[in-house]
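Each reported figure results from applying straightforward, stated rules to the coordinates on display, with no laboratory input. Predicted model only: the values in this text are computed from it and were never measured. For neighbour counting, all protein chains shown are included, and Cβ atoms are generated from backbone atoms with ideal geometry for every residue, glycine included.
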Amino acid sequence: MKIAIIGGTGSIGKGFALRWGQEHQVIVGSREQEKARTKAAEYNAILKEYGYKADITGDVNAKAASEADVVLLAIRYGQIASTIEQIKPGLAGKIVISVVVPMEKDRCIIVPDGVPLEISTNSREDYKADYFCYVTPPAGSAAQEIAPLLPEGTELVSAFHNVPAAKLANLDIELNYDVGVCGNSMHSKNIVFGLVKAIPGMRPLDIGPIETSSMVESITPLLVNVAIRNHMKDVGIKFVD
């Protein structure tokens, strides 16, 4: 399978490239071709050290998307519109995975288009700690904002929001996380389930349709706050019964 990682030069993109590059063909996407190719060479070299003959290449976002079977959006929330405009011609009929999380530091927007709730983290001597909060988009979630921007026939799935980037990129670490998957097509969700299982220690869980994405996206700032305030690092989630 060919997987394009749009934003593949970033920290979370690196992790996906190293994990999937062990058995899939990965295309690292970037706004700058040279940066994409440099990172692709870096990822190939890392996997070679671990005994893998990887096939990771790099190119501009538009070309990466056009050549792939599955396109992963590993970008910031504010880059959604401009990035999809770049890659839209190459998305028709493909599966697009969103890992986008709209969150901000020291301010919360609970109601879409509402007035931000801002709290100074330095207002009291005993409250000097950063916090992060989910910023509810007008459409309800980042995935719901992405959906209408995609060409007809594209199947959107949101997943991988709660996977710690640093641990994903560290091949010496054994992962043990659950991955919530949201989407409106079992065809595309089953393919994403397979991509989750392709990473040892990761278990896919069906959360529901794309409209449930806000529940999964909003867990990310929760995990960041847990880590910051409780002296933990790279916190993920696991569901137990």
Legend entry - Net charge dipole size for the chain [Lys, Arg +1 and Asp, Glu -1 on Cβ; Debye, nearest 20]: 460 debye
Inset, instruction - Using label points projected 7 Å from each Cα along Cα→Cβ, tell me how many nm separate Asn176 and Val240, to one decimal. - result: 0.9 nm
Inset, instruction - Could you calculate the contour length gain from Ser185 to Met1, that is, 0.36 nm times the residue separation minus the distance between their Cα atoms, to one decimal place in nm? - result: 64.3 nm
Legend entry - Estimated inter-spin distance, Asp69 and Asp55, nm [label 7 Å along Cα→Cβ]: 1.1 nm
Legend entry - Under the span-like rule (Cα at least 30 Å along the axis, Kyte-Doolittle mean at least 1.6), DSSP H helices of the chain: none
Legend entry - Fraction of beta bridges assigned by DSSP in the chain that are antiparallel (%, nearest 5): 20 percent
Inset, instruction - Please build a GNM for the chain, connecting alpha carbons under 10 Å apart, and tell me which residue among Arg76, Arg229, Arg203 fluctuates the most. - result: Arg229
Inset, instruction - Would you mind computing, in nm to one decimal, how far apart the modelled labels at Asn230 and Lys35 are, each placed 7 Å from Cα along Cα→Cβ? - result: 3.5 nm
Inset, instruction - Can you tell me how much longer the chain between Ile219 and Ala139 gets when fully stretched, taken as 0.36 nm per residue apart minus their C-alpha distance, in nm with one decimal? - result: 27.0 nm
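At 20 °C and a viscosity of 1.002 mPa s, what translational diffusion coefficient does Stokes-Einstein give for the chain, taking Rh as the Kirkwood radius over Cα pairs? Give it in µm²/s as a whole number.
Value of D from the Cα-based Kirkwood radius: 117 µm²/s.
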